[in-house]
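Here the structure comes first, spelled out in structure tokens, and everything after it is commentary.
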Amino acid sequence: MTKSKDSNNDSVVILGGGIGGIAAANRLRRRLGGEHRITLINKYPEFSFAPSYLWVMTGARKASQITKPLSGLQRRGIDLEIGNIEEIDPVERKVTVQGREIYGDHLIVALGADYNAESIPGLADSGTTFATLLGAESLSRSIAEIQRGKVVINTAAALYRCPAAPYESALLIDAMLRRKGIRGRVDIELHAAEPAPLAVAGSNVSEAVKEILHQRSIDYYPSHQITSAENGLLHFSDGQSVSFDLLAYMPPIKPPSVLSTSKLAGSTGWIEVDPNSLLTQFPGVYAIGDNTNIPLQIGKPLPRAGVFAHSQALVVADNIASMIKGDSHTAAFDGHGGCFLESDFHRASYASGNFYAPPSPKVNVKSPSRRSHIAKVVFEYNVMRRWL
Ligand SMILES: Cc1cc2nc3c(=O)[nH]c(=O)nc-3n(C[C@H](O)[C@H](O)[C@H](O)COP(=O)(O)OP(=O)(O)OC[C@H]3O[C@@H](n4cnc5c(N)ncnc54)[C@H](O)[C@@H]3O)c2cc1C
């Protein structure tokens, strides 16, 4: 059993070594002296940068370029525990990892979201997802092989990670087929469970994305809820069936399984937090990123996106550091964020604004440009070179 409260020095335990967890660990390490222990726990020893999976699909990146061992954190004085978190006790601020108990004076819960492709019968067996590194690699090979027919992109539920990703995926597949010179022989359809692209960001953003899809001859079917899939055929709740030669899908998500037995889970199964401080109902326990549910006034949740996990991590880390150091300064997450939409190999749109603005998010979208594409490349560079 590891009891961290072995002196007057506060310790911080971070659950999850994804975008939010790593950002929080690094920020805390910079702000706190070495006498304060920072421990990050993650199921797997490696981190991979999900926003670049679509570049793996296009062949612009190899998996090895966007994957790094988490052990890099140890060189900075962050303790690393690799293992499955089996239990979280937010009252005692205690975590059980493969039978071992780890305590923290402060907990930051950043466990992301689990995929739930199984909720749609046949989906995982019939298609390939671009939401995992292996899936992105596999799609890259399949798209290289296809010569004619129909590619279908599907969002299997309205709630998924990164609202832009399926739309980027459609545009990038279009770009890949054009580069091969076979776009005229391959149709692309996007069947989406949600009523509009990036609907949470507002109708101006949805319309801009729809216009790009239209310009690229990608047929878009919103509010088209898939119910099952079998080899070569998708079935929808309106009774329609659609054939395909290649299916690329975004899976539904569900709360990380460890939350199902923890008091941390709210009525939705996700973690409810104060939208500005990210504090849960349990003192000293914070939650950031995809495992939180932050309802917006429009009745939709704040999107699951790395940009928010990152900003929230910095706010929580700063507040914990201030508290430990007795500094009265407090930071607040204000709902600002931006989202890249890669539209071809060298250009991206960028939608950014205030997602907390009342009564609805105020988000502007910039037309596709090389500058926005480069901004995403720079963000990727910083994560891969500076975070680990
Ligand atoms: C294809 C794709 C493209 C995307 N593009 C963008 C983009 O351009 N911009 C953007 O902002 N966002 C993008 N996202 C979304 C972004 O990747 C996520 O929102 C972000 O990773 C969330 O960060 P997180 O720290 O909350 O969770 P994660 O990064 O998912 O990290 C969670 C970590 O917790 C670990 N974990 C879970 N359960 C346990 C357990 N029981 N025990 C131990 N460890 C556990 C996991 O292994 C994981 O390492 C994209 C996502 C996908 C799939």
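No lab work stands behind these numbers, since they all come straight from the coordinates. Remember, it's a predicted structure, so these values are computed and weren't measured experimentally. All Cβ positions, even for glycine, are placed from backbone atoms using ideal geometry, and neighbour counts span all protein chains on display.
Given +1 on the Cβ of Lys and Arg, -1 on the Cβ of Asp and Glu, and no further charges, what dipole in debye does the chain carry about its Cα centre, rounded to the nearest 20? Don't jump to the answer; show the numbers that get you there.
Details: 40 positive and 37 negative charges, 298 e Å.
Here the size comes out at about 1440 debye.
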Considering only the chain, percent of DSSP beta bridges that pair antiparallel, nearest 5: 50 percent
Exposure proxy order (Cβ contacts within 10 Å, fewest to most) of Ser360, Ser267: Ser267, Ser360
Contact order relative to length of the stretch 115-252, as percent, for alpha carbon pairs under 8 angstrom and 6 or more apart: 38 percent
Mean Cβ count within 10 Å, highest first, over the residues of peptides 309-320, 26-37: 309-320, 26-37
Loop-located trypsin sites (Lys or Arg not before Pro) in the stretch 110-169, at most 16 other Cβ atoms within 10 Å (DSSP): Arg148
Backbone N under 20 Å from the Asp114 label point (7 Å along Cα→Cβ), restricted to the stretch 290-327: 290-294, 304-305
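In what order do Tyr286, Tyr350 fall by count of nearby beta-carbon atoms within 10 Å, going from fewest to most? Could you put the intermediate results ahead of the total?
Working: Tyr286 28, Tyr350 20.
By the 10 Å Cβ count, ascending, the order reads Tyr350, Tyr286.
Note down the magnitude of the dipole of the stretch 323-374 about its Cα centre, charges +1 on Lys and Arg C-beta and -1 on Asp and Glu C-beta and zero elsewhere, to the nearest 20 debye. Please report the intermediate quantities before stating the final value.
Details: 6 positive and 4 negative charges, 40 e Å.
For the stretch 323-374, the charge dipole is close to 200 debye.
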Residues whose placed amide H lies under 5 Å from that of Ile14, excluding near-sequence neighbours: Thr39, Leu40, Ile41, Ile108
Contour excess over end-to-end distance, with Cα ends at Ser277 and Ser243 and 0.36 nm allotted per residue: 7.5 nm
Cα centre as origin, Lys/Arg/Asp/Glu Cβ charges: the stretch 284-388 dipole, Debye: 340 debye
Value at 222 nm in deg cm²/dmol, rounded to 500, when DSSP H runs of n ≥ 4 in the chain each add -39,500 (n - 2.57): -8500 deg cm²/dmol
Residue-count net charge about Gly306 - beta-carbon cut-off 10 Å; Lys, Arg +1, Asp, Glu -1: +1
Residue exposure sequence - Lys376, Lys362 - by fewest surrounding Cβ within 10 Å: Lys362, Lys376
Reach of Lys254 by Cα under 28 Å, taken over lysines that are not fewer than 8 positions away in the same chain: Lys43, Lys68, Lys94, Lys210, Lys263, Lys300, Lys362, Lys376
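With a length cut of 27 Å (Cα positions projected on each helix's long axis) and a Kyte-Doolittle mean of at least -1.0, go through the chain and give me the DSSP H helices that pass.
Working: long enough: 306-325 (28 Å, 0.89).
Span-like helices here: 306-325.
How far, in nm, would the chain grow between Glu230 and Arg141 when pulled straight, counting 0.36 nm per residue and subtracting the alpha carbon separation? It would help to have the intermediate numbers written out before the result.
Values: separation 89, 0.36 × 89 = 32.04 nm, distance 2.11 nm.
Length difference between fully extended and current span is 29.9 nm.
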